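Q: Have a look at this one.
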Amino acid sequence: MIGLGYVGLPLAVEFAKHYPVIGFDINQQRIDDINTGHDSTLEVEDENLQSVLLQNPPVGKGLYLTSKLDEISDCNIYIVTVPTPVDKNNRPDLTPLIKASQSIGKVIKKGDIVIYESTVYPGCTEEDCIPEIEKASGLKMNLDFFGGYSPERINPGDKEHTVTTIHKITSGSTPEIAEEVDQLYKKVIKAGTHKAPSIRVAETAKVIENSQRDINIAFVNELARICSHMNLDTRAVLDAAGTKWNFLKFSPGLVGGHCIGVDPYYLAQKSQEMGYHPEIILAGRRMNDGMGAWIAAQVVKLMINKDVAIKNARVLVLGITFKENCPDIRNTKVLDVVKELETFGCKVDIYDPWANASDVKHEYQREIIPTFQMNDYSAIVLAVAHNQFKTLDFSTRSPKTVLYDIKSILPLSIVDGRL
């Protein structure tokens, strides 16, 4: 297993219940942390992790972790689960994927299979990744080694839809390998598998899953803006519309994380390379990427309505993770709200009981405060629906303190505004 993050570790643990598995990651600190028997991402329960962990390379079933490339040279199947982010210009960044492929190329043998799980654009596996393996190894795909693609469907923080209970797409570089890959995953995926007719089909299926959700959320985000101009409560409108049996129930909000806020750019990039400019996909991205700034402007308007001086006003933002009850801070769009408030001259504090302070400092150069007093702030923005925030007593805030609820989890009667 190449990459031991939110995707790789849960899958490695499940495979380790049936096979000898070696987990490889270039981050030695991550390996040391997992070897204590605790997963800091909280995707794998301690008992489940500890039941398969080994301190030496496995002979039978079990999971051994390493950052040493030579220790994975005896493996027969390599599964790549490294991140596929976008750069500052929203262009696909294949650096982790290319480096992983080059590493595999140094140890791969004849007859081995390389399966990619990272979300990519159609054609990436065969056009970008496999050539790196061939170049580093001197071997040829479908002659000396084989390829496969089985896109990850991990939903961070979700304890109901876990790796074994989510239907899995599989594919292979030949019909025979496609069947072998499918049977491999069937061993651990209780929900079953779907064998796609080609790697390209599997890649495209994955990237449109999140593009579809992105577009649907963009629609309700636009609805929220329209309702704001009409002085209508968006949630009331959605609740009413939701009584129709075929109305799709999406909620407005910040669209961050490692999937929905990223994957559409992969599809758009490939589409543009082929000469087609995608209209709806990129329009949805523009709408969702602009929500942080729009929300910040709404908060500032509410502060002005309460005669609050904006410059140097103290604002408390509750939550920095990209979703509720989860420590995942990847591509969090809460930061867009923070940055926009700062352009107005506000002094912003961030509080989040789920986020790791050192990770936030390293990734975003931001501090998380350990505690707070509500009456110290001119505005409070509830950005993430952590369970801890649902029970806070907001009555202790000053009457002039603006309370804005992005997630609409608080009673309408106590908030000054919500999305």
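Q: Counting just the residues of region 5-48 that are polar (S, T, N, Q), closer than 21 Å to Asp328 by Cβ and over 18 Å from the mean Cα position of the chain (by Cα), which one comes out surrounded by the most Cβ atoms within 10 Å (Cβ to Cβ)? Can you show your working first?
A: If we filter region 5-48 for residues that are polar (S, T, N, Q), which is where we start, we get 27-29, 35-36, 40-41, 48.
Filter once more, so that each one left must be closer than 21 Å to Asp328 by Cβ: 27, 29, 36, 40-41, 48.
With the extra rule that they be over 18 Å from the mean Cα position of the chain (by Cα), the set shrinks to 27, 29, 36, 48.
On the way: Asn27: 12, Gln29: 9, Thr36: 12, Asn48: 14.
Taking the candidates together, the pick is Asn48.
Q: Please go through region 51-83 and give me each residue that is among the polar types (S, T, N, Q) and either within 27 Å of Thr95 (Cα to Cα) or exposed (fewer than 13 other Cβ atoms within 10 Å of the Cβ) (or both), ordered by number.
A: Step one: filter region 51-83 for residues among the polar types (S, T, N, Q), giving 51, 55-56, 66-67, 73, 76, 81.
Listed by number, the residues that qualify are Gln55, Asn56, Thr66, Ser67, Ser73, Asn76, Thr81.
Q: Also, I was wondering about something else. Go through the residues of region 299-307 one by one and say whether even a single one is surrounded by fewer than 16 Cβ atoms within 10 Å (Cβ to Cβ), touching a Pro at 6+ places or on another chain (Cβ under 9 Å) and either aromatic (Phe, Trp, Tyr) or assigned by TED's automatic domain parsing to the domain that holds Phe372 (or both).
A: Checked against the condition, which is being surrounded by fewer than 16 Cβ atoms within 10 Å (Cβ to Cβ), touching a Pro at 6+ places or on another chain (Cβ under 9 Å) and either aromatic (Phe, Trp, Tyr) or assigned by TED's automatic domain parsing to the domain that holds Phe372 (or both), region 299-307 yields at least one hit.
Q: Take the residues of region 255-283 that are part of a loop (DSSP other than H, G, I, E, B) and within 16 Å of the chain's Cα centre (by Cα): which is nearest to Pro151 (Cα to Cα)? Walk me through how you get there before you give the answer.
A: Looking only at region 255-283, we keep the residues that are part of a loop (DSSP other than H, G, I, E, B), and these are 255-262, 274-278.
Subset that is within 16 Å of the chain's Cα centre (by Cα): 255-262.
On the way: Val255: 21, Gly256: 19, Gly257: 17, His258: 13, Cys259: 12, Ile260: 14, Gly261: 17, Val262: 15 Å.
Filtering region 255-283 for residues that are part of a loop (DSSP other than H, G, I, E, B) and within 16 Å of the chain's Cα centre (by Cα), the one nearest to Pro151 (Cα to Cα) comes out as Cys259.
Q: Now a separate question. Given Ser73, Ser67, Ser51, which one is more than 28 Å from the chain's Cα centre (by Cα) and either under 21 Å from Lys110 (Cα atoms) or in the same structural domain as Thr95 (by TED's automatic domain parsing) (or both)?
A: Result: Ser73 is the single residue among Ser73, Ser67, Ser51 that is more than 28 Å from the chain's Cα centre (by Cα) and either under 21 Å from Lys110 (Cα atoms) or in the same structural domain as Thr95 (by TED's automatic domain parsing) (or both).
Q: Looking at (1) in contact with a helix residue (DSSP H, G or I) (Cβ under 9 Å, 6 or more places away or on another chain); (2) touching a residue at least 12 places away in the same chain (Cβ under 8 Å); (3) under 27 Å from Phe250 (Cα atoms), which one does Phe344 not meet, given that it meets all the others?
A: For Phe344, the failing item is (3).
Q: Could you list, in sequence order, all residues of region 191-205 that are within 19 Å of Leu11 (Cα to Cα) and either at pLDDT below 95 or of a type in the set (A, V, I, L, M) (or both)?
A: Hits for region 191-205 are Ala191, Ala202.
Q: Evaluate the following for Asp336: is it farther than 30 Å from Tyr6 by Cα and either outside the structural domain of Glu160 (by TED's automatic domain parsing) or in contact with a strand residue (DSSP E or B) (Cβ under 7 Å, 6 or more places away or on another chain) (or both)? Show your work before the answer.
A: Details: farther than 30 Å from Tyr6 by Cα: no; either outside the structural domain of Glu160 (by TED's automatic domain parsing) or in contact with a strand residue (DSSP E or B) (Cβ under 7 Å, 6 or more places away or on another chain) (or both): yes.
Spelling it out, it is not the case that Asp336 is farther than 30 Å from Tyr6 by Cα and either outside the structural domain of Glu160 (by TED's automatic domain parsing) or in contact with a strand residue (DSSP E or B) (Cβ under 7 Å, 6 or more places away or on another chain) (or both).
Q: Those residues that are of a type in the set (Gly, Ala, Ser) and under 19 Å from His258 (Cα atoms), I need them from region 284-315; list them, please. Break it down stepwise before answering.
A: Looking only at region 284-315, we keep the residues that are of a type in the set (Gly, Ala, Ser), and these are 284, 290, 292-293, 296-297, 309, 313.
Residues satisfying the conditions are Gly284, Gly290, Gly292.
Q: Restricting to region 84-99, and then to whatever is in a loop (DSSP other than H, G, I, E, B) and basic (Lys, Arg), can you tell me which residue is surrounded by the most Cβ atoms within 10 Å (Cβ to Cβ)? Working first, answer last.
A: Residues of region 84-99 in a loop (DSSP other than H, G, I, E, B): 84-85, 87-91, 93-94.
Right, trim to basic (Lys, Arg) and you get 88, 91.
On the way: Lys88: 6, Arg91: 12.
The residue in question is Arg91.
Q: Let me ask something else about it. Only residues that are touching an Asp or Glu at 6+ places or on another chain (Cβ under 9 Å) and polar (S, T, N, Q): list them for region 271-296, please. Even if it seems obvious, please write down each step before you answer.
A: Within region 271-296, the first condition is being touching an Asp or Glu at 6+ places or on another chain (Cβ under 9 Å), and the residues that meet it are 281, 284-285, 287-296.
Across region 271-296, the qualifying residue is only Asn288.
Q: Consider only pairs whose beta carbons are under 7 Å apart and that are at least six residues apart or on different chains; among these, list those whose first residue lies in region 56-76 and is modelled with pLDDT of 95 or more and whose second residue is of a type in the set (Asp, Glu).
A: Ser67/Asp25; Asn76/Asp112
Q: Further, regarding this structure: Considering only region 220-230, state which residues are assigned to a helix (DSSP H, G or I), without any contact (Cβ under 8 Å) to a residue 60 or more places away in the chain and out of contact with any Pro (no Cβ under 6 Å at 6 or more places or on another chain). Break it down into steps so the answer makes sense when it comes.
A: Start the filter on region 220-230 by keeping residues that are assigned to a helix (DSSP H, G or I), which leaves 220-229.
Okay, now just the ones that are also without any contact (Cβ under 8 Å) to a residue 60 or more places away in the chain, so 220, 223, 226-227, 229.
Passing the criteria: Leu223, Ile226, Cys227, His229.
Here's the yes/no breakdown for (1) of a type in the set (D, E, K, R); (2) surrounded by fewer than 21 Cβ atoms within 10 Å (Cβ to Cβ); (3) more than 18 Å from Asp336 (Cα to Cα):
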site: Asp352; (1), (2), (3): yes, no, no
site: His362; (1), (2), (3): no, yes, no
site: Pro370; (1), (2), (3): no, yes, yes
site: Ala379; (1), (2), (3): no, no, no
site: Leu382; (1), (2), (3): no, no, no
site: Asn387; (1), (2), (3): no, yes, yes
site: Phe394; (1), (2), (3): no, yes, yes
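Q: From the set of residues in region 284-316 that are part of a helix (DSSP H, G or I) and more than 34 Å from the chain's Cα centre (by Cα), which is farthest from Ile414 (Cα to Cα)? Step through it out loud before you land on a result.
A: Initial filter on region 284-316 (part of a helix (DSSP H, G or I)): 284-289, 291-305.
Pick out the ones that are also more than 34 Å from the chain's Cα centre (by Cα) and you get 304-305.
Values: Ile304: 18, Asn305: 16 Å.
Ranking the qualifying residues of region 284-316, first place goes to Ile304.
Q: Just to check your reading of the model, which residue among Thr170, Thr164, Thr204 is surrounded by fewer than 22 Cβ atoms within 10 Å (Cβ to Cβ), in the same structural domain as Pro122 (by TED's automatic domain parsing) and among the polar types (S, T, N, Q)?
A: Working: Thr170 fails: surrounded by fewer than 22 Cβ atoms within 10 Å (Cβ to Cβ); Thr204 fails: in the same structural domain as Pro122 (by TED's automatic domain parsing).
Testing whether each residue is surrounded by fewer than 22 Cβ atoms within 10 Å (Cβ to Cβ), in the same structural domain as Pro122 (by TED's automatic domain parsing) and among the polar types (S, T, N, Q) leaves just Thr164.
Q: Tally up the residues in region 323-359 that are within 18 Å of Ala385 (Cα to Cα) and outside any loop (DSSP other than H, G, I, E, B), please. Outline the logic, then answer.
A: Here is the first cut: in region 323-359, the residues within 18 Å of Ala385 (Cα to Cα) are 323-338, 349-356.
Still in the running and outside any loop (DSSP other than H, G, I, E, B): 334-338, 349-351.
Qualifying residue count, region 323-359: 8.
Q: Would a scan of region 100-116 turn up a residue that is crowded, with 20+ Cβ neighbours inside 10 Å, under 16 Å from the mean Cα position of the chain (by Cα) and either not assigned by TED's automatic domain parsing to the domain that holds Asp182 or not basic (Lys, Arg) (or both)?
A: Among the residues of region 100-116, not one is crowded, with 20+ Cβ neighbours inside 10 Å, under 16 Å from the mean Cα position of the chain (by Cα) and either not assigned by TED's automatic domain parsing to the domain that holds Asp182 or not basic (Lys, Arg) (or both), which makes the answer no.
Q: If you take the residues in region 117-161 that are over 22 Å from Val207 (Cβ atoms) and charged (D, E, K, R), which one is surrounded by the fewest Cβ atoms within 10 Å (Cβ to Cβ)?
A: Glu160
Q: Take Asp393 and decide whether it is over 22 Å from the mean Cα position of the chain (by Cα) and at pLDDT below 95. First the steps, then the outcome.
A: On the way: over 22 Å from the mean Cα position of the chain (by Cα): yes; at pLDDT below 95: yes.
When the stated conditions are applied, Asp393 passes them.
The values are calculated or read from the model by the stated rules, or taken from the named source; none is laboratory data. Owing to the predicted nature of the structure, the values given are computational and were not obtained by experimental measurement. Every residue, glycine among them, receives a Cβ derived from its backbone with ideal geometry; neighbour counts consider all protein chains shown.
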